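Only one structure is covered here, and it is reproduced in the block below.
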Amino acid sequence: MTFAMPAVFLFGVFALASSATQVGLSAKVLLFPYETDFSYVTLTPLKEMTLKAFTLCLRVATELPEERQIILFAYRTDDYDELNMWREKDGRISFHMSGDGTFFHLPPLGTFRTSLCLTWESVAGLTAFWVDGKRSTYQVYKPGHSIRPKGTVLLGQDPDKHLGGLEALQSFVGEMTDVNMWDFVLSGSTIQAWHYGRKVPEGNIFNWATIEYELTGNVKVVDDD
Amino acid sequence: MTFAMPAVFLFGVFALASSATQVGLSAKVLLFPYETDFSYVTLTPLKEMTLKAFTLCLRVATELPEERQIILFAYRTDDYDELNMWREKDGRISFHMSGDGTFFHLPPLGTFRTSLCLTWESVAGLTAFWVDGKRSTYQVYKPGHSIRPKGTVLLGQDPDKHLGGLEALQSFVGEMTDVNMWDFVLSGSTIQAWHYGRKVPEGNIFNWATIEYELTGNVKVVDDD
Amino acid sequence: MTFAMPAVFLFGVFALASSATQVGLSAKVLLFPYETDFSYVTLTPLKEMTLKAFTLCLRVATELPEERQIILFAYRTDDYDELNMWREKDGRISFHMSGDGTFFHLPPLGTFRTSLCLTWESVAGLTAFWVDGKRSTYQVYKPGHSIRPKGTVLLGQDPDKHLGGLEALQSFVGEMTDVNMWDFVLSGSTIQAWHYGRKVPEGNIFNWATIEYELTGNVKVVDDD
């Protein structure tokens with residue numbers, strides 16, 4: 001489902017269809033049922049996202065074909081894609097901060113839920129994905145870098161500019177839940193505990209149980225059963 | 001990242017960049033972040049490597065594409081590749097002593113850690129790989145042979161002559177840890193115990209906890225998390 | 001390794017190289033290290049093989065490529081292949097009694113050990129394979145048939161006539177152990193118990209612990225470790 005109208009305009013139109021801000025998604029799943037260029041969820045962080053390190057965790061399931069790009073998480077400021085996570089066309093999972101990304105060969109995302117965490121710290125640039133509690137090989141990515149504040153976090157779409165420029169063929173279709181984020185690197189045992197649904201320190205950037213969010217377009221909140 | 005300079009010269013240059021000898025890598029991982037022809041780790045054995053039998057164990061994770069050769073372990077004397085372990089271009093894992101090797105169809109190496117042991121004994125030539133504690137089929141390889149002493153053990157590169165002749169396209173990229181070696185064949189139950197991180201007899205050639213090593217080029221020692 | 005000499009002649013020659021009859025292979029593995037047309041093991045059954053039902057179990061590991069035929073068990077009388085088990089060129093596992101066989105899609109055999117049982121009974125012709133304790137779909141195969149006595153059981157080769165006609169490209173290469181056979185159909189729970197190495201009724205046709213066997217050509221008896 002694509003539209004020929006300019007994306008900025010579209011963005012404005014569908015902003016009218018946004019829900020009011022809501023709070024808390026404990027035991028809930030975000031369901032993006034169709035491919036669109038107008039459905040997304042905005043998340044409000046608990047603190048400014050000036051980051052020299054982070055852990056980002058979420059659970060995701062999708063039936064999208066393997067050869068299609070999928071945006072998994074987008075944090076954008078006026079000038080930069082600050083922190084984007086993608087499933088690439090070639091099946092790899094990538095992590096981008098302001099420009100060239102780094103790419104990981106992970107087991108394919110599919111119809112069964114995958115738990116996915118991403119850790120990065122600025123000092124050595126060590127970064128890794130954790131899939132269902134297992135760590136990938138570390139890669140060294142942008143040591144010394146820091147993530148800028150005052151942007152917007154979207155689930156479901158990749159904005160090519162701040163608050164605009166969405167593309168259906170990059171959208172997320174499927175289920176996403178348990179999006180949590182910390183401004184430090186969690187230990188491996190904590191990430192495993194999170195994977196198994198055990199109690200871990202609450203995310204101090206995003207905490208799914210009390211998360212502040214706004215739905216736009218066709219996104220459903222369903223019970224996690 | 002390749003250089004046109006002769007490898008021997010390079011080798012000399014980068015030897016200048018070597019760390020002093022260090023001791024002990026307990027709970028540490030060697031991270032080879034990029035493809036180079038100058039990054040490697042030299043290991044000092046606890047005894048001369050005149051071997052009529054051995055067990056070599058290590059844990060390894062790599063994102064290198066399946067169709068690329070990867071050196072996993074290289075022990076070379078002046079005239080011979082005494083004991084080399086490779087991931088071959090076709091995905092098989094091979095074991096070479098002074099010439100033609102023997103090849104095994106094992107599950108592919110990837111971004112999650114694989115524990116890999118290799119056993120060989122000279123009397124019958126019985127050799128096998130153990131992947132995550134499971135033994136491959138035995139093969140009969142070079143019965144009567146013995147491995148010569150006074151060479152050099154490298155991780156990360158394959159020297160085509162003693163202390164020289166490195167090639168980026170054979171280099172190791174990824175993580176290696178828990179490199180241990182014994183001058184005898186461990187039992188299957190001991191190898192399984194090692195895989196699960198339980199206490200086993202300390203390696204009498206290499207013991208990761210007290211290993212004497214020297215870093216050259218771009219190799220990082222990171223916490224094993 | 002193939003020879004241009006007629007196979008019958010070869011067979012005679014290598015019969016000279018046979019071991020004397022030996023007894024008992026408890027905790028031992030038969031290792032067929034190379035592809036040959038002269039290496040095999042003859043098994044002496046505990047009773048005449050006039051069979052209206054049977055269970056045949058064995059454990060097997062092989063590195064042979066997927067597209068090659070492999071003989072897994074051959075019982076031949078003068079005129080018939082009485083009971084042959086194959087890994088076919090297309091990867092399926094087959095079971096033949098005197099002519100056309102029946103074919104099963106099972107998980108591929110590989111370098112790690114697979115436990116394989118085959119059951120058949122004449123009344124309804126119900127036959128199934130059990131792979132690592134899990135049963136395949138039943139097939140109906142030759143109800144009313146019975147297997148004839150006074151033949152020879154070979155491991156490692158398929159004789160195209162009684163005691164002759166061997167082909168390297170059908171030979172078994174790898175490890176075989178725990179070959180046991182009963183003249184009745186074991187229950188599923190007994191087959192699972194056997195898979196896990198628990199105590200089950202001793203095979204009354206072949207009992208690996210006390211089996212009478214003769215080695216010919218290049219076959220090694222090695223400890224099962």
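Here are the numbers for the structure shown:
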{"item": "Backbone HN-Hα couplings from phi across region A:40-55 [Karplus 6.51/-1.76/1.60, Hz, Gly and Pro as x]", "result": "6, 10, 9, 10, 9, x, 6, 8, 4, 8, 7, 10, 9, 5, 6, 10"}
{"item": "Members of A:Lys199/B:Lys28; B:Lys134/C:Lys89; B:Lys134/C:Lys28; C:Lys52/C:Lys150; C:Lys89/C:Lys161; A:Lys89/B:Lys220 lying beyond 24 Å, as alpha-carbon distances in this model show", "result": "A:Lys199/B:Lys28; B:Lys134/C:Lys89; A:Lys89/B:Lys220"}
{"item": "Largest to smallest accessible area among C:Asp37, A:Asp78 [probe 1.4 Å]", "result": "A:Asp78, C:Asp37"}
{"item": "All aspartates and glutamates inside 15 Å of A:Lys142 as judged from Cα atoms, apart from same-chain residues fewer than 8 positions distant", "result": "A:Asp81, A:Glu82, A:Asp100, A:Glu121"}
{"item": "Copies compared at C:Pro201 - label distances in nm, ascending, label defined 7 Å from Cα in the Cβ direction", "result": "4.3, 6.2"}
{"item": "Taking the C-alpha atoms of region C:147-189, convex hull volume expressed per residue in Å³", "result": "121"}
{"item": "Accessible area (Å², 1.4 Å probe, nearest 10) - C:Asp81", "result": "50"}
{"item": "For region C:186-193, Karplus couplings with θ = phi - 60° (6.51, -1.76, 1.60), whole Hz, Gly/Pro x", "result": "6, 6, x, 5, 5, 5, 5, 4"}
{"item": "Under 15 Å, Cβ to Cβ, from A:Glu175 - net charge with Lys/Arg +1 and Asp/Glu -1", "result": "-1"}
{"item": "Inter-copy spacing of B:Glu35 label points, which lie 7 Å from Cα along Cα→Cβ, given in nm from shortest upward", "result": "3.2, 3.3"}
{"item": "Listing of region C:47-68 residues, each with accessible area lower by at least 50 Å² in the full protein assembly than in the chain alone (probe 1.4 Å)", "result": "C:Glu63"}
{"item": "Chain pair A, B: total accessible area buried, heavy atoms, 1.4 Å probe, Å²", "result": "1300"}
{"item": "Share antiparallel - DSSP beta bridges, the protein assembly as shown, percent rounded to 5", "result": "100"}
{"item": "Chain C residue with Cβ closest to the axis mapping C onto B, distance in whole Å", "result": "C:Pro107, 10"}
{"item": "Largest to smallest principal axis extent of the C-alpha atoms in the protein assembly as shown, angstrom", "result": "87, 67, 43"}
{"item": "Net charge, A:Phe112 excluded, C-beta distance under 11 Å - Lys, Arg +1, Asp, Glu -1", "result": "-1"}
{"item": "Local electrostatic count at B:Glu67 - Lys and Arg +1, Asp and Glu -1, tallied over other residues with Cβ under 13 Å", "result": "+1"}
{"item": "FRET efficiency for B:Lys89 and A:Glu67, using Cβ-Cβ distance with R0 set to 25 Å, rounded to 0.05", "result": "0.50"}
{"item": "Size of charge dipole - the protein assembly as shown - debye, nearest 20, with Cβ of Lys, Arg +1 and Asp, Glu -1, no other charges", "result": "1280"}
{"item": "Label geometry 7 Å along the beta-carbon vector: B:Lys52 inter-copy distances in nm", "result": "5.9, 5.9"}
{"item": "Rounded to 5, percent antiparallel among DSSP beta bridges of region A:26-223", "result": "100"}
{"item": "Rounded accessible area per residue of region B:26-223, 1.4 Å, Å²", "result": "35"}
{"item": "Region B:26-223: Rg to Rh, with Rh as the Kirkwood radius over Cα pairs", "result": "0.92"}
{"item": "Rounded percent of accessible protein surface that carbon and sulfur make up, chain B, 1.4 Å probe", "result": "55"}
{"item": "Expected 222 nm ellipticity per residue - DSSP helices of 4 or more, -39500 (n - 2.57), all of chain C, to 500", "result": "-2000 deg cm²/dmol"}
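The values are calculated or read from the model by the stated rules, or taken from the named source; none is laboratory data. Here the structure is a predicted model, which is why all the values come from computation and not from measurement. Methodologically, a virtual Cβ is constructed for each residue, glycine included, from the backbone with ideal geometry; neighbour enumeration extends over all protein chains shown. Accessible surface is based on the protein model in full, side chains and every heavy atom, while ligands, DNA and RNA are left aside. Shrake-Rupley method; radii C 1.70, N 1.55, O 1.52, S 1.80 Å.
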